[in-house]
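Report on one structure; see the data block that follows.
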Amino acid sequence: MGLMIVPFDTAARVMAFIGLQGGDERVVASPKMYCEIRHIQKEYHIEGGEIPDKDFCELLQEYTRELTDYTNKHDGEWPEWLNKMIEERYGFKPYKL
């Protein structure tokens, strides 16, 4: 049907967060997050052995830089938009880096 399970922009934000935060117990204990991560990996060919989606990788790098810069300037705190997204979408608040 061509429906997006996770919107493109949201997928890049989630993966940038996971890339920096890592897969702690809340990530693997959240069925929704775990399922969405698996879907994102398949959808954008970032699970290994394939050529990743170029546009997705560029957006992922952009968000990774943005999050890294923010956490460095704010003593490991995440930006409010990320806290809100993770809390509303997955039901937990990210740990401070």
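What do you reckon, is Ile86 buried (at least 17 other Cβ atoms within 10 Å of the Cβ), among the aliphatic types (A, V, I, L, M), within 15 Å of the chain's Cα centre (by Cα) and not in a loop (DSSP other than H, G, I, E, B)? So Ile86 fits the description; yes.
Being part of a helix (DSSP H, G or I), modelled with pLDDT of 90 or more, over 15 Å from the mean Cα position of the chain (by Cα) and not hydroxyl-bearing (Ser, Thr, Tyr) is the requirement here; does Asp75 meet it? Spell out the reasoning first.
Working: part of a helix (DSSP H, G or I): no; modelled with pLDDT of 90 or more: yes; over 15 Å from the mean Cα position of the chain (by Cα): yes; not hydroxyl-bearing (Ser, Thr, Tyr): yes.
So Asp75 does not fit the description; no.
Remark: pairs (first residue in region 21-35, farther than 20 Å from Glu77 by Cβ and free of Cβ contacts under 8 Å to residues at least 60 places away in the same chain; second residue surrounded by 12 or more Cβ atoms within 10 Å (Cβ to Cβ) and among the hydroxyl-bearing types (Ser, Thr, Tyr); Cβ separation under 8 Å; 6+ apart in sequence or on different chains) = Val28/Tyr34; Lys32/Tyr90; Met33/Tyr90.
Scanning region 1-48 for residues that are β-branched (Val, Ile, Thr), under 16 Å from Glu88 (Cβ atoms) and part of a loop (DSSP other than H, G, I, E, B) returns a single hit, Val6. Of the residues making up region 53-60, at least one is closer than 24 Å to Pro31 by Cβ and either of a type in the set (Phe, Trp, Tyr) or in a helix (DSSP H, G or I) (or both).
The values are calculated or read from the model by the stated rules, or taken from the named source; none is laboratory data. Every value quoted in this text rests on a predicted model; they were computed, and no experiment measured them. Positions of Cβ are generated from backbone atoms using ideal geometry, with glycine treated the same way; all protein chains shown enter the neighbour counts.
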